[in-house]
Amino acid sequence: MSTTSVPIAPFVRLFGRYLREQGLPVTQQREAVAQVVFGSDAHLSVEEIESILREEGDRIGKATIYRTLDLLVKSKLVEEHDFGEGFKRYEHRLSRQPDHDHLICRECGQVTEFKDPELRRMQERVAREHGFVTSRHKLEIYGLCAPCREAGATLEEQGLTCPIETV
Ligand SMILES: [Zn+2]
Ligand SMILES: [Zn+2]
């Protein structure tokens with residue numbers, strides 16, 4: 001797991017300030033959850049957050065983790081992703097790569113970040129052509145990562161065959 005090079009204390013304090021503004025208590029448990037999320041550049045699931053906390057000797061229940069993540073998302077310091085795995089993943093928004101997109105491996109679940117200026121220009125052009133003002137965008141590309149492909153994984157056929165006879 002990659003750890004971030006950015007100092008995390010200021011962000012934990014920022015989250016504390018958000019909690020106080022909402023009239024919510026700044027508890028040690030909430031700070032511990034925030035520290036795990038800010039301390040990682042990965043896209044963490046609740047399970048992963050729970051196990052990191054356990055390794056650090058913090059026994060924090062799932063309900064508290066969920067509630068804290070909810071608050072972190074509302075504070076806009078953390079982004080929530082649904083990559084269609086049946087659970088959510090969380091990443092802090094203080095990343096070295098703001099505004100990045102994701103490649104998601106269907107086989108191992110690996111999430112790879114990328115940024116492409118060409119893609120950015122294309123989006124701007126498409127928006128302009130439609131007289132559209134963009135507020136945010138989300139691009140997720142699903143498939144197989146190189147190691148899974150090399151290991152022989154294949155993608156299952158997707159979608160329906162057209163039920164309409166085309167004679
Ligand atoms: Zn893979
Ligand atoms: Zn990401």
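Figures for the structure shown
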{"item": "Residue count, the stretch 103-116 (criterion: in contact (Cβ under 8 Å) with a residue 40 or more places away in the chain and within 12 Å of ligand 2 (Cβ to nearest atom))", "result": "2"}
{"item": "Tally of residues being at pLDDT below 95 and touching a His at 6+ places or on another chain (Cβ under 9 Å) across the stretch 40-74", "result": "3"}
{"item": "Residue under evaluation L77, criteria (1) surrounded by 15 or more Cβ atoms within 10 Å (Cβ to Cβ); (2) within 21 Å of P25 (Cβ to Cβ); (3) free of Cβ contacts under 8 Å to residues at least 60 places away in the same chain, criterion not met", "result": "(3)"}
{"item": "Any hit, the stretch 31-39, residues being within 24 Å of T134 (Cα to Cα), within 16 Å of ligand 2 (Cβ to nearest atom), modelled with pLDDT under 95 and touching a helix residue (DSSP H, G or I) at 6+ places or on another chain (Cβ under 9 Å)", "result": "no"}
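The values are calculated or read from the model by the stated rules, or taken from the named source; none is laboratory data. Since we're looking at a predicted model, the values are computed, not measured. Here Cβ is always computed from backbone atoms with ideal geometry, including for glycine, and neighbour counts include all displayed protein chains.
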